[in-house]
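The values are calculated or read from the model by the stated rules, or taken from the named source; none is laboratory data. Note that the coordinates shown come from a computational prediction; the quantities given were computed from them, not determined experimentally. Cβ atoms come from the backbone with ideal geometry, glycine included; neighbour counts cover every protein chain shown.
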């Protein structure tokens, strides 16, 4: 996935810290409420507040700093978990134990069966549309079917989860259309994108990470269950909403932007390395594969011949 690149390009440090700390504050306040209603009472909390109010300023400052450190440290831990958790949610599961491997194979096979059924239905609906006999409901189903199929990569690249297929489709489509390896060439293209495109991509990636983090906080909230049972439905509700509702929608937005970046700005790659621009789609796929090899490993052939270097038309002044 493109996650390795995004760990260092997601915004300013202060903005990231604030954005990461706010969920931590909500989480720990929720934990405090669970503790109060599970073990203490409101009177006990008032007693603690009164005790803190009677302490010297240094003690109060130490308590405040401890709270801030707790918020910040937990936010950092969750942020560090974002990428590995996203990989798991995308279906990049370890090969051992074998149970996970069998589960992954079973899930991929299920995706394949669903895709086959969907393709057959798509052809039926297209035939009805071509004949002019399709109803409005069938036309709406045709659009939905087409949108779902667009979120699937080629059969040999399919993943066991919905989010994994959405992201893999976006990463593999530039290879299928242009011969360009989207993952390995992304840092090259990123440096050539205009500021507006980079901002949109960064915001979409931040929203994607936020959905992953929200689910992690929901799972962690289950740890407060020994104090109060309402922590269980609360944590599960947050996790389900984050990982089964928000995450696929935000992954789709990010995937569309990644694919669009290659659709609109791939010419900048050719121009900046002085590579001859392809003149037709068939030639572009061949040239794209060759350009990918050149940028990843280099070439020692005498073709193609480099042209004069030109300023990229996509760079904003």
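Residues checked against (1) in contact (Cβ under 8 Å) with a residue 12 or more places away in the chain; (2) within 30 Å of residue 207 (Cβ to Cβ):
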{"position": "64", "(1), (2)": "no, no"}
{"position": "79", "(1), (2)": "yes, yes"}
{"position": "102", "(1), (2)": "no, no"}
{"position": "113", "(1), (2)": "no, no"}
{"position": "126", "(1), (2)": "yes, no"}
{"position": "129", "(1), (2)": "yes, no"}
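The residues of the stretch 85-107 that are farther than 23 Å from residue 154 by Cβ and surrounded by 12 or more Cβ atoms within 10 Å (Cβ to Cβ), listed by number, are 85, 100. Would a scan of the stretch 133-151 turn up a residue that is assigned by TED's automatic domain parsing to the domain that holds residue 269, out of contact with any strand residue (DSSP E or B) (no Cβ under 8 Å at 6 or more places or on another chain), touching a residue at least 40 places away in the same chain (Cβ under 8 Å) and not in a helix (DSSP H, G or I)? Looking for residues that are assigned by TED's automatic domain parsing to the domain that holds residue 269, out of contact with any strand residue (DSSP E or B) (no Cβ under 8 Å at 6 or more places or on another chain), touching a residue at least 40 places away in the same chain (Cβ under 8 Å) and not in a helix (DSSP H, G or I), one finds none in the stretch 133-151, hence no. Exactly one residue among 212, 183 is modelled with pLDDT under 95, part of a helix (DSSP H, G or I) and not assigned by TED's automatic domain parsing to the domain that holds residue 114, and that residue is 183. As a summary of the residue check, residue 110 satisfies the conditions (1) surrounded by 13 or more Cβ atoms within 10 Å (Cβ to Cβ); (2) part of a helix (DSSP H, G or I) except for the one numbered (1).
Restricted to helices (runs of 4 or more DSSP H) entirely inside the stretch 216-317, no element has at least 3 residues that are in contact with a strand residue (DSSP E or B) (Cβ under 6 Å, 6 or more places away or on another chain) and not assigned by TED's automatic domain parsing to the domain that holds residue 24. Determine whether residue 192 is in a loop (DSSP other than H, G, I, E, B), in contact (Cβ under 8 Å) with a residue 24 or more places away in the chain and more than 30 Å from residue 31 (Cβ to Cβ). Yes, satisfied.
Has the stretch 2-12 got any residue that is in the same structural domain as residue 170 (by TED's automatic domain parsing), surrounded by 12 or more Cβ atoms within 10 Å (Cβ to Cβ), under 25 Å from residue 251 (Cα atoms) and at pLDDT 85 or above? No, there is no match, as no residue in the stretch 2-12 is in the same structural domain as residue 170 (by TED's automatic domain parsing), surrounded by 12 or more Cβ atoms within 10 Å (Cβ to Cβ), under 25 Å from residue 251 (Cα atoms) and at pLDDT 85 or above.
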